[in-house]
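A quick write-up on the structure given underneath.
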Amino acid sequence: MTLLDRTTDSTTTPAPLSAAAPAPRPADVEHWVSDLVDLLQPDAVQWVDGSTRERHDLLQLLVAAGTIEQLNPDLRPYSFLARSAESDVARLESRTFICTEHEADAGPTNNWREPTAMRAELDTVFRGAMKGRTMYVVPFAMGPIGSPMARYGVQVTDSPYVVVSIGTMTRMGDAALAPISAGASWVPAVHSVGAPLAHGEHDVAWPCNDTKYIVHYPETREIWSFGSAYGGNAILAKKAYALRIASVMARDEGWLAEHMLLIKVTPPSGRAYHLAAAFPSACGKTNMAMMTPSLPGWKVETIGDDIAWLWIGSDGRLRAINPEAGFFGVAPGTGVRTNPTAIDSLWGNTIFTNVARTDDGDVWWEGLTDQAPAHLTDWRGEEWTPDAGRPAAHPNSRFTVSARQCPSIAGDWDDPEGVVIDAIIFGGRRASNVPLVVEARDWDHGVFMGATIASEQTAAAEGTVGELRRDPFAMLPFAGYNMGDYFAHWLDFGRRLRRSARVPRVFQVNWFRKGADGSFLWPGFGENARVLEWMIGRLDGSLPASESPIGALPTRSNGINVDGLDLDEEALDELFRVDPAAFLAEADDVEQFFASFDDRLPGELDRQLELLRTRLRAAIG
Ligand code: SAT
Ligand code: MN
């Protein structure tokens with residue numbers, strides 16, 4: 001084994017020429033790494049320092065291996081296109097496991113496995129998995145280093161594509177190793193593409209394995225992932241750590257780890273508000289996080305587009321950080337019209353995965369421009385013309401770009417103390433029934449709203465696109481413990497907030513309601529600023545609301561500002577129509593869903609359901 005190692009043998013190895021001393025290696029990390037070397041049997045080990053030089057070298061290695069190709073530097077400076085294997089294009093929820101001693105602690109929404117049995121199974125799967133490859137040791141921080149909320153991890157991986165992705169998505173390398181050396185606790189995360197190479201065997205462009213595992217041991221805070229190099233399956237800092245493991249840390253330590261974007265909204269008055277919003281994957285979180293408001297004088301700035309960690313600060317207020325450092329955004333549907341800020345962010349230094357390539361060496365995807373180019377190379381590497389009858393980019397194709405490159409990034413986006421949250425928003429993709437916006441009666445009603453969110457399935461995970469599923473708090477695939485306990489934790493968190501400070505308002509939104517002809521009723525994107533305007537009017541007490549059985553709605557005369565919108569009365573009515581009979585049917589569905597949590601469902605949610613039914617029946621008369 002060659003150790004690509006500058007420090008272990010200081011007697012024979014000349015001192016590195018670089019002035020910066022390598023970060024000291026924490027003994028517990030070294031020990032863990034050496035055990036993994038025995039198990040995984042890599043050809044070499046490389047500790048990742050997070051430098052620009054190292055990133056450059058890894059990118060060159062990936063180009064040479066055919067995993068990525070460099071785009072035309074005149075059109076897209078220092079940017080790359082990766083094409084994954086066709087079997088490795090999305091998160092695999094069916095292969096995602098939560099391993100707790102007791103099945104009830106994983107709960108009915110997770111795939112549970114008994115930890116000892118899973119460890120034995122994985123031991124076989126991982127043995128020798130890195131033969132012929134380099135094992136990278138990747139220290140990373142979630143959250144600004146120095147923040148009371150920052151948490152640490154170390155991922156080993158045999159995929160240089162995953163290393164450069166972690167480099168964009170987190171604070172990676174020596175900067176993260178320093179606090180670990182100083183004693184900060186860290187989550188171990190083991191990742192292999194599961195494609196060992198025999199001596200002299202030629203590698204493929206996107207090594208992976210048909211058998212995949214994304215395994216979590218929440219009780220010992222460990223992650224093991226095998227067989228995939230794609231997104232949340234492989235960048236373990238993201239969903240596996242920052243949501244599944246962190247939600248368990250948050251339960252135990254009294255905070256919240258959520259699938260939420262974070263934005264700062266400044267109305268013409270100049271007083272800024274911070275909002276957190278939960279939506280399922282591929283429901284427009286990145287678009288909302290980078291919104292260009294259609295209303296004159298309004299400003300929306302970005303803090304995060306996917307994950308938020310929330311806690312009660314020493315001032316008693318609800319605070320939040322974005323634990324990530326980059327965006328792994330859905331490309332299709334991102335265009336100059338829908339998200340000009342994202343387009344500006346992607347000018348260079350970006351890795352694109354599974355988008356199409358233009359003949360002059362740039363990228364394209366459905367929705368980037370209104371008209372497709374006459375000829376492309378599609379995401380599979382095949383010839384494509386507009387009459388091909390199939391999309392040129394994969395529906396879950398992605399861009400990976402640093403948050404710092406986003407022109408709308410807020411000045412306080414990496415404030416170690418976080419930002420004070422004024423309101424929480426829950427949303428989903430609902431063609432019918434759910435109004436454009438509704439305000440919860442109070443925190444507990446807001447928790448009921450979050451718990452009962454349903455959404456149509458998107459391409460971000462495997463499954464049938466369009467199928468309606470309950471996706472409580474947009475956390476269905478991401479809560480690392482029993483979702484019933486998670487609801488209880490939210491209720492408890494509200495009780496603590498009530499004791500210490502003002503409790504944020506809770507809203508539910510639905511940008512996706514459709515009319516009888518099947519087209520969207522609401523224009524969305526920058527026009528969603530009108531909904532933010534209404535929420536802020538509610539926060540500062542300047543706008544009235546009309547009570548409905550499901551919560552407070554905008555009034556007809558002093559509600560959502562639709563000036564200048566091409567929206568007829570009928571569409572407006574339909575956007576806010578609450579059909580009590582349809583909601584009673586939903587209530588039955590919610591009752592069934594709640595029943596699956598058995599005695600773990602907090603009584604307060606049953607009570608909220610009965611209150612809702614009472615209000616709906618009263619409305620029917
Ligand atoms: O693939 S990821 O989990 O990183 C993205 C998503 O599903 O939101
Ligand atoms: Mn997400």
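Please treat every number below as a calculation from the coordinates, not as lab data. Since the model is a prediction, treat every value here as computed from it, not as a measurement. Neighbour counts run over all protein chains shown; Cβ positions are idealised from the backbone, glycine included.
Which residues make up the longest stretch of the chain that has no GluC sites (Glu not before Pro) in a DSSP loop with at most 13 other Cβ atoms within 10 Å? Please report the intermediate quantities before stating the final value.
Details: sites that count: 86, 101, 201, 382, 467.
Longest stretch, sites excluded: 202-381.
If we count every other residue with Cβ under 13 angstrom of residue 74's Cβ, Lys/Arg +1 and Asp/Glu -1, where does the sum land? Don't skip to the end; give the middle numbers.
Numbers: positive: 76; negative: 360, 362.
Here the charged neighbours net out to -1.
Using only Cα atoms, figure out Rg for segment 411-454 and give it as a multiple of 2.2 N^0.38 Å. List each step's numbers first, then the result.
Numbers: Rg = 14.0 Å, N = 44, 2.2 N^0.38 = 9.3 Å.
So the Cα radius of gyration is 1.51 times the expected 2.2 N^0.38 Å.
At 222 nm, what value in deg cm²/dmol follows for the chain if DSSP H runs of at least 4 each add -39500 (n - 2.57) and the sum is divided by all its residues, to the nearest 500?
Values: 16 runs with 166 residues, N = 621.
Computed mean residue ellipticity for the chain: -8000 deg cm²/dmol.
Show me, for segment 127-144, the HN-Hα J-couplings you get by feeding each phi into the Karplus relation (A = 6.51, B = -1.76, C = 1.60, θ = phi - 60°), rounded to Hz, glycine and proline as x.
In residue order, the calculated couplings are 4, x, 5, 9, 3, x, 10, 8, 9, 8, 9, 10, x, 9, 10, 9, x, x Hz.
Go from 0 up to the bin containing the longest alpha carbon distance in segment 71-214, width 10 Å each, and give me the % of pairs per bin.
Once binned at 10 Å, the Cα pair distances of segment 71-214 give 10, 29, 35, 23, 4, 0.
Let me know the charge dipole size of the chain about its Cα centre in debye, to the nearest 20, where only the beta-carbon of Lys, Arg (+1) and Asp, Glu (-1) is charged.
Working: 55 positive and 82 negative charges, 239 e Å.
Magnitude of the dipole: close to 1140 debye.
When only Cα pairs under 8 Å and 6 or more residues apart are kept, what is the percent relative contact order across the chain? Intermediate values should be presented prior to the final figure.
Numbers: 1325 pairs, mean separation 85.4, N = 621.
Relative contact order here is 14 percent.
Pull up the DSSP beta bridges for the chain and report the antiparallel fraction as a percent, rounded to 5.
Values: 63 of 99 bridges.
Bridges in the chain are about 65 percent antiparallel.
Assuming 0.36 nm per residue, please report the length gained on full extension of the stretch residue 417 to residue 592 beyond their Cα-Cα distance.
Length gained between residue 417 and residue 592: 58.9 nm.
Give the distance, in whole Å, between the Cα centre of segment 395-468 and the Cα centre of segment 142-182.
25
With a 10 Å radius around each residue's Cβ, average the other Cβ atoms per peptide and rank 441-449, 55-63, highest first. The partial results should precede the final answer.
Details: 441-449: 21.4, 55-63: 16.2.
Ranked from most to least packed, the peptides come out as 441-449, 55-63.
Tell me the net charge near residue 431. Cut-off is 9 Å between Cβ atoms, residue 431 excluded, with +1 for each Lys or Arg and -1 for each Asp or Glu.
Working: positive: 429, 430, 513, 514; negative: 456.
It works out to a net charge of +3.
Tell me the Kirkwood radius of the chain: reciprocal of the mean inverse pair distance over distinct alpha-carbon atoms, in Å. Display every interim value, and only then the final one.
Values: mean 1/r = 0.0396 Å⁻¹.
The answer is 25.3 Å.
Once both labels are modelled 7 Å past Cα along the beta-carbon direction, what's the residue 369-residue 433 spacing in nm?
Once both label points are built, they end up 4.2 nm from each other.
How many nm is it between the label spots at residue 219 and residue 557, if each spot is 7 Å from the Cα in line with the beta carbon?
6.2
For a quick check: sort 285, 131 by the number of other beta carbons within 10 angstrom, fewest at the front. Each step should come with its number before you reach the end.
Values: 285 25, 131 17.
So the ranking, lowest neighbour count to highest, is 131, 285.
Give, in nm to one decimal, the length gained when the segment between residue 204 and residue 496 is fully stretched (0.36 nm per residue of separation minus the Cα-Cα distance).
Numbers: separation 292, 0.36 × 292 = 105.12 nm, distance 5.34 nm.
Full extension of this stretch gives 99.8 nm more.
Report, in degrees rounded to the nearest 10, the 0 to 90 angle that the Cα long axis of helix 27-40 makes with the longest principal axis of the chain.
The angle comes out near 80 degrees.
Of all DSSP beta bridges located in segment 327-405, what percent are antiparallel, nearest 5?
So the antiparallel bridges in segment 327-405 amount to around 95 percent.
Could you tell me what % of all Cα pairs in segment 516-564 have separations over 13 Å?
Numbers: 741 of 1176 pairs.
Percent of Cα pairs beyond 13 Å in segment 516-564: 63.
For the chain, with the dipole built from +1 on Lys and Arg beta-carbon atoms and -1 on Asp and Glu ones, taken about the Cα centre, which of 179, 339, 116 lies farthest toward the positive end?
Comparing the listed Cα positions along the dipole, 179 ranks first.
Which value in nm describes the separation of the simple spin-label points at residue 39 and residue 52, placed 7 Å from the Cα toward the beta carbon?
3.7
Taking H as built 1.01 Å from N, whose amide H comes closer than 5 Å to the amide H of residue 468, not counting residues under 5 places away?
457
With axes computed from alpha carbons, what is the tilt in degrees of helix 115-126 against the longest principal axis of the chain, rounded to the nearest 10 within 0 to 90?
50
In degrees between 0 and 90, to the nearest 10, how far off the longest principal axis of the chain does helix 443-452 point, with axes built from Cα atoms?
Once rounded, the angle reads 70 degrees.
Just how large is the dipole of segment 104-224 about the Cα centre, in debye to the nearest 20, putting +1 at every Lys and Arg Cβ and -1 at every Asp and Glu Cβ?
Numbers: 9 positive and 11 negative charges, 44 e Å.
Dipole size: approximately 220 debye.
Please give the length that would be gained between residue 69 and residue 114 if that part of the chain were fully extended, namely 0.36 nm times their separation in residues minus their C-alpha to C-alpha distance (nm, one decimal). List each step's numbers first, then the result.
On the way: separation 45, 0.36 × 45 = 16.20 nm, distance 4.19 nm.
Full-extension gain reported as 12.0 nm.
From largest to smallest, what semi-axes in whole angstrom does segment 327-405 give when each is the square root of 5 times an eigenvalue of its alpha carbon gyration tensor? Let's see the in-between values first.
Working: eigenvalues 87, 32, 23 Å².
Whole-Å semi-axes of the equivalent ellipsoid: 21, 13, 11.
With just the Cα atoms defining each centre, how far is segment 551-621 from segment 290-345? Give it in Å.
Between the Cα centre of segment 551-621 and that of segment 290-345, the gap is 27 Å.
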